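**Q** Below is one structure. I have some questions about it.
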Amino acid sequence: MTDQVVGGGHRAPEAARGSGTGDRRGTLPRQDGAATRSALPGFAGRRHELKALRTDIRRAGLDTLTGRRGARSRVLLIAGRPGSGRTTLAEALLREIADEYPDGVLRAVLTGRDGAPVGLDRTARDLLAALGTDAPPGADEDELAEAVRTALADRRTVLLLDDAPGAEDVEPLIPDAPDCLVVVVSQGPLTGISDVRPCALGGLDTAAAVEVLCHYAGATRVTVDPRTAEAVAQESGGQPAALILAGAWLAARPKLSVADLRQALLAAPLPPDLPAGAHPLHRAFRLTYDALPQAAARILRLATLAPDGLVDPHTAAALGGCTVPAAAAVLHDFVALGLLRPLPEDAGPTAPPADAAIGPRYRLPGCLVPLSRDLLREQERPADVQLARARMLERTVRLLQSCRAAAEPEGSPSRRKAGELPRSLRFGNRAAAAYWLRTRRGALLDAARMAVEDGQLDTLDRRLISALTRALLAHHGPERAAPDLYTLHALVLRVAERRPLPRERAAALLNLGDLDAGADRREQALTRYRGALEAARSVKDPVATGRALESLGDTYGALGDWVRAADWYGRALELRLGRGERADAARLHARIGAAHGAAGRYEQALKDCRAAARAFRRLGDSAGQARAAEATAGVHEYAGELDAALRSRLEALDFARAASDTPLEIRLQLRIAEILDRLGDPAAARLHRAAGERRQREPRD
């Protein structure tokens, strides 16, 4: 979670005058859009700190006193307790130095919705996704951190690491790039990171605190009672978050005075064991919360359940059990009251026009998260919390199904099904759906984790993971989606092992094994495939069993252990023959022959290749006959029989042409050219090579 969006001295615009005092049975006090603007017109109370931070950027570090430039990025630390305006000061700094860093700003929040560290794995992947760079699926933390540093090496970028738990969460992400800048927001020091420039924030002085109060509550009432305003500022400890909440509360009540505000703050109840330093924020929060209508108060409590801390109208509507327009109005009012901060949407060229399914995004300020979470525990029954969570995740499933459908052709079953959904759940076009999927990626993955962690949501966890997997594949394709798919398959594995669900366990292990094999983690892939084979056999699942057997053969082949590869292919062949699957049996004969040939068992290899050729011939499969002849040629090449290899490849070429298999035809032409060169016939080699290259240049459907 991040800190208050305004504070640390931002001057908020004057709040519009509302009507009435508001009560828990009616609606929220209404305020106009001026109070909800995220771009504030001024800055109060932190000019000295802001100037010091800018000076620290230019100052030589401890490792550059010799005159040589440092190899790593400068690290600035803005330290302060939650509610001190530390994030706001960081954002103010970024606005001032934006022109000096043309490659923009990367942001990461290092503390999750549950108050625990997010973890380097998730942070690094989110940063890489923002950079448009992918790390191998299943990469470890060291590899991911290295990928982040490499991606930033040639850039002039600011990296904002918000709500950092400690130095161990920051240090691996510091780029080896002197042209980058790292700004860290944390509660304490970053012990262990050299040459960190700290800027410690305390409370605002009285004049600055009054200015913040004035710009939220309105100048008139503060001007007519300056002494009471100063007393409120002092009793708030100069905490910007408390002042914002107090000022917004007063702005919504034009008939009350600053003295009424002070009296209400002092009357707010406090827990008996609350530290004195937490009193101002707790009082201001309870003052605001206790005036909310019941439905709005419940949405605020349940907002702490939002995946990745991201709240939008759909999430709020599902949690609160209300309509999307009603939830949108509540969230708008929460911003005016200082309870939420809006997040900017992507304003780049890829941003689609307004779409019903894409609402504004908000985040609960980090300093308010523990307070809201305490209220959730105190006032919500566990069964009601679980029901709200289930509604939210069910809404997410439907949005994902709609998102996937937007990438399907017109008239497809998924498009027709999506057309039956309410308008608020439908995307206007593929671009809008892709934008939603990209900007909600972190929250969607966290929603999948949340569903799995709950453990009592029946099939909702698997439905959510399945819907997210399909949406990622539809919009990103297998290669781009692979890193996120690895995370999702690992979650499916957790569910399958906990329940237990052996079929799902086999499928998850097979998918993870494929991704491990694609990332050259062969030994890990073997472990996955063996586990999948065991699970598949336990429930007599022939499809998963056959796939696991063949995958083991493929992996041993990639490792160069052709004897074991042939053995696993042979076991898969027995399964196919027993089930009468002749086409798969023929294909496996060819693969066994190729494996025996690579292992130097030429006689056995040719025997299996001939068996494959006969089977494909009986099936009338010209493409299969081409592959069988190609495998035979490979055996002859292993044996050093180039003339026989040439004959077999020419035979394979005829079959490939009959099957109209252009890629295979091209591959065979080029390979024939290589053999002819080795046989000393360069003229014929040139003809075949030219024919293959010509086919490569031909347009294909």
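The values are calculated or read from the model by the stated rules, or taken from the named source; none is laboratory data. All of these numbers come straight from a predicted model, not from anything done at the bench. Glycine also receives a Cβ, built like all others from the backbone with ideal geometry; neighbour counts cover every protein chain displayed. SASA here: full protein model, heavy atoms, side chains in, ligands and nucleic acids out. Shrake-Rupley method; radii C 1.70, N 1.55, O 1.52, S 1.80 Å.
**Q** Looking at this structure, is E603 closer than 24 Å to R671 by Cα, of a type in the set (D, E) and open to solvent by 20 Å² or more (accessible area, probe 1.4 Å)?
**A** For E603, the condition - closer than 24 Å to R671 by Cα, of a type in the set (D, E) and open to solvent by 20 Å² or more (accessible area, probe 1.4 Å) - is met.
**Q** Right, here's the next one. How do the pairs read when you match residues in segment 429-448 that are farther than 26 Å from T304 by Cβ with residues anywhere that are among the small types (G, A, S), using Cβ under 6 Å and keeping only pairs 6 or more apart or on different chains?
**A** From residues that are farther than 26 Å from T304 by Cβ, the pairs are R430/A406; R430/A407; A433/A406.
**Q** Within segment 245-295, track down each residue that is touching a helix residue (DSSP H, G or I) at 6+ places or on another chain (Cβ under 7 Å) and of a type in the set (D, E, K, R).
**A** Matches in segment 245-295: R262, R283.
**Q** Follow-up. Just one of (1) open to solvent by 20 Å² or more (accessible area, probe 1.4 Å); (2) part of a helix (DSSP H, G or I); (3) modelled with pLDDT of 90 or more; (4) more than 25 Å from L375 (Cβ to Cβ) trips up K255, so point out which.
**A** Checking K255 against (1) open to solvent by 20 Å² or more (accessible area, probe 1.4 Å); (2) part of a helix (DSSP H, G or I); (3) modelled with pLDDT of 90 or more; (4) more than 25 Å from L375 (Cβ to Cβ), the one that fails is (2).
**Q** Next up: Name, by its number, the condition in (1) at pLDDT below 95; (2) surrounded by 24 or more Cβ atoms within 10 Å (Cβ to Cβ); (3) over 35 Å from the mean Cα position of the chain (by Cα) that does not hold for L261.
**A** (1)
**Q** Could you grab me the full set of residues in segment 621-649 that are crowded, with 16+ Cβ neighbours inside 10 Å and not in a helix (DSSP H, G or I)?
**A** The answer is D621, A639.
**Q** Please state which one of A536, A496, A525 is open to solvent by less than 20 Å² (accessible area, probe 1.4 Å), within 29 Å of R440 (Cα to Cα), free of Cβ contacts under 8 Å to residues at least 40 places away in the same chain and hydrophobic (A, V, I, L, M, F, W, C).
**A** On the way: A536 fails: within 29 Å of R440 (Cα to Cα); A525 fails: within 29 Å of R440 (Cα to Cα).
So the residue among A536, A496, A525 that is open to solvent by less than 20 Å² (accessible area, probe 1.4 Å), within 29 Å of R440 (Cα to Cα), free of Cβ contacts under 8 Å to residues at least 40 places away in the same chain and hydrophobic (A, V, I, L, M, F, W, C) is A496.
**Q** Do we find a residue being farther than 24 Å from Q239 by Cα, at pLDDT 50 or above and not β-branched (V, I, T) anywhere in segment 21-34?
**A** no
**Q** Still on this model: Could you list, ordered by first residue, the pairs with Cβ atoms under 7 Å in which the first is in segment 128-150 and of a type in the set (D, E) and the second is outside any loop (DSSP other than H, G, I, E, B), at least 6 apart or interchain?
**A** Listed by first residue and then by second, the contacts come to D134/L128; D134/R480; D134/P483; E141/L120; E141/D121.
**Q** Which one of these does D142 not meet: (1) open to solvent by 20 Å² or more (accessible area, probe 1.4 Å); (2) touching a Gly at 6+ places or on another chain (Cβ under 7 Å); (3) more than 19 Å from T439 (Cα to Cα)?
**A** Against the list (1) open to solvent by 20 Å² or more (accessible area, probe 1.4 Å); (2) touching a Gly at 6+ places or on another chain (Cβ under 7 Å); (3) more than 19 Å from T439 (Cα to Cα), D142 comes up short only on (2).
**Q** Can you tell me which residues in segment 672-684 are over 49 Å from the mean Cα position of the chain (by Cα) and open to solvent by 20 Å² or more (accessible area, probe 1.4 Å)?
**A** D677, R678, L679, G680, D681, P682, A683, A684
So that you can scan it fast, the table gives a plain yes or no per residue for (1) farther than 19 Å from I193 by Cβ; (2) surrounded by fewer than 19 Cβ atoms within 10 Å (Cβ to Cβ):
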residue: L77; (1), (2): no, no
residue: T88; (1), (2): yes, no
residue: A92; (1), (2): yes, no
residue: I97; (1), (2): yes, yes
residue: E100; (1), (2): yes, yes
residue: V105; (1), (2): yes, yes
residue: R113; (1), (2): yes, no
residue: V118; (1), (2): no, no
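**Q** Taking the residues in segment 556-581 that are small (G, A, S) and part of a helix (DSSP H, G or I) as candidates, determine which candidate is farthest from the chain's Cα centre (by Cα). Talk me through it step by step, then tell me what you get.
**A** Narrowing segment 556-581 to residues small (G, A, S): 557-558, 560, 565-566, 570, 572, 578, 580.
So of that shortlist, the ones also part of a helix (DSSP H, G or I) come out as 557-558, 565-566, 570, 572, 578.
Working: G557: 34, A558: 31, A565: 37, A566: 40, G570: 41, A572: 38, G578: 44 Å.
Restricting to residues being small (G, A, S) and part of a helix (DSSP H, G or I), the top hit is G578.
**Q** Another question, if that's okay. Being part of a helix (DSSP H, G or I), open to solvent by 20 Å² or more (accessible area, probe 1.4 Å) and among the hydrophobic types (A, V, I, L, M, F, W, C) is the requirement here; does A326 meet it? I'd like the intermediate steps shown before the answer.
**A** On the way: part of a helix (DSSP H, G or I): yes; open to solvent by 20 Å² or more (accessible area, probe 1.4 Å): yes; among the hydrophobic types (A, V, I, L, M, F, W, C): yes.
In short, yes.
**Q** Follow-up. Kindly indicate which of L588, L687 is in a helix (DSSP H, G or I) and surrounded by fewer than 16 Cβ atoms within 10 Å (Cβ to Cβ). Working first, answer last.
**A** On the way: L588 fails: surrounded by fewer than 16 Cβ atoms within 10 Å (Cβ to Cβ).
Exactly one of L588, L687 is in a helix (DSSP H, G or I) and surrounded by fewer than 16 Cβ atoms within 10 Å (Cβ to Cβ), namely L687.
**Q** Additional query: Of L668, L653, L664, which residue is part of a helix (DSSP H, G or I) and either in contact with a strand residue (DSSP E or B) (Cβ under 7 Å, 6 or more places away or on another chain) or closer than 30 Å to P542 by Cβ (or both)?
**A** Numbers: L668 fails: either in contact with a strand residue (DSSP E or B) (Cβ under 7 Å, 6 or more places away or on another chain) or closer than 30 Å to P542 by Cβ (or both); L653 fails: either in contact with a strand residue (DSSP E or B) (Cβ under 7 Å, 6 or more places away or on another chain) or closer than 30 Å to P542 by Cβ (or both).
On inspection, the qualifying residue turns out to be L664.
**Q** Here is a follow-up. How do the strands (runs of 3 or more DSSP E) wholly within segment 151-211 filter down when requiring 1 or more residues that are acidic (D, E) and either touching a Ser or Thr at 6+ places or on another chain (Cβ under 8 Å) or surrounded by fewer than 22 Cβ atoms within 10 Å (Cβ to Cβ) (or both): which remain?
**A** Working: elements: 158-164, 181-186, 196-200.
Per the criteria, 158-164.
**Q** Please work out which residue is least open to solvent (accessible area, probe 1.4 Å), limiting yourself to segment 650-671 and to residues that are more than 46 Å from the chain's Cα centre (by Cα) and farther than 15 Å from A691 by Cβ. Show your work before the answer.
**A** First, the residues of segment 650-671 that are more than 46 Å from the chain's Cα centre (by Cα): 650-655, 658.
Checking which are farther than 15 Å from A691 by Cβ leaves us with 651, 655, 658.
On the way: E651: 93, F655: 51, A658: 73 Å².
Of everything passing the filter in segment 650-671, F655 is least open to solvent (accessible area, probe 1.4 Å).
**Q** Being within 22 Å of V543 (Cα to Cα) and modelled with pLDDT of 95 or more is the filter; apply it to segment 469-484 and report the residue that is most open to solvent (accessible area, probe 1.4 Å). Lay out the reasoning, then the answer.
**A** Taking segment 469-484 first, the residues within 22 Å of V543 (Cα to Cα) are 469-470, 478.
Next, only the ones that are modelled with pLDDT of 95 or more stay: 469-470.
Numbers: T469: 24, R470: 121 Å².
Result: R470.
**Q** Given the structure, is D520 within 28 Å of G442 (Cβ to Cβ) and not in a helix (DSSP H, G or I)? Full working, then the answer.
**A** Working: within 28 Å of G442 (Cβ to Cβ): yes; not in a helix (DSSP H, G or I): yes.
So D520 passes the test.
**Q** What do you reckon, is L270 open to solvent by less than 40 Å² (accessible area, probe 1.4 Å), of a type outside the set (D, E), farther than 17 Å from A208 by Cβ and without any contact (Cβ under 8 Å) to a residue 60 or more places away in the chain? Give the steps one after another, and end with the answer.
**A** Values: open to solvent by less than 40 Å² (accessible area, probe 1.4 Å): no; of a type outside the set (D, E): yes; farther than 17 Å from A208 by Cβ: yes; without any contact (Cβ under 8 Å) to a residue 60 or more places away in the chain: yes.
Against the criterion (open to solvent by less than 40 Å² (accessible area, probe 1.4 Å), of a type outside the set (D, E), farther than 17 Å from A208 by Cβ and without any contact (Cβ under 8 Å) to a residue 60 or more places away in the chain), L270 does not qualify.
**Q** Out of all the residues in segment 386-395, which are open to solvent by 20 Å² or more (accessible area, probe 1.4 Å) and not basic (K, R)?
**A** Our first condition is that a residue be open to solvent by 20 Å² or more (accessible area, probe 1.4 Å); within segment 386-395, this holds for 386-387, 389-391, 394-395.
Passing the criteria: Q386, L387, A390, E394.
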